[in-house]
1. Given an 8 Å cut-off on Cα distances and at least 6 residues of separation, report the relative contact order of region 15-82 as a percent.
2. Along region 31-43, what does the Karplus equation 6.51 cos²θ - 1.76 cosθ + 1.60 (θ = phi - 60°) give for ³J(HN,Hα), rounded to whole Hz, x for Gly and Pro?
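Throughout, read-outs are computed from the coordinates displayed, never taken from laboratory work. Quick caveat, the model's predicted, so the values are computed rather than measured.
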Amino acid sequence: MSEQIKEETPPKKGLLTKLKQSVDDKEEQLAVLSTMVRLGILVWSGGILTLAYIKLPPAFGIPEQKLDPTFIASVFTGTLATFGVAAAKKAGDKPGGGGITKEQMDQLIEKAAATAPTQTIKVESPKFKLVQDDSE
């Protein structure tokens, strides 16, 4: 009779088991788990928010949902804020919101130059190179 050799396959490892094995420190494990949860919430809220604004084809058989996306949008922006992403405001929306104009920047530079003996560097192009001058 022929004997079949069965190879033992190791049990499949879950996501949390892999996380525990790859990261030893408990704080790092919690940080990675926290990031995963936030990404899950971000994907979920982004998907719901997207579905609130698009109309699905009738072939899908999903009826159109009438929902107020305000709550989902606040969850979405709140989760984005935990990653350090903030929405920019237009310059005309609110006083002090959305940055400053070129004239305002020039005024700030003039005031700073008049009050303190400092050097102000103004960069107007995204391509620049800083070189140290050792001639002194």
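1. 33 percent.
2. Here the 3J(HN,Hα) series is 5, 5, 4, 4, 5, 5, 5, 5, 5, x, 5, 5, 5 Hz.
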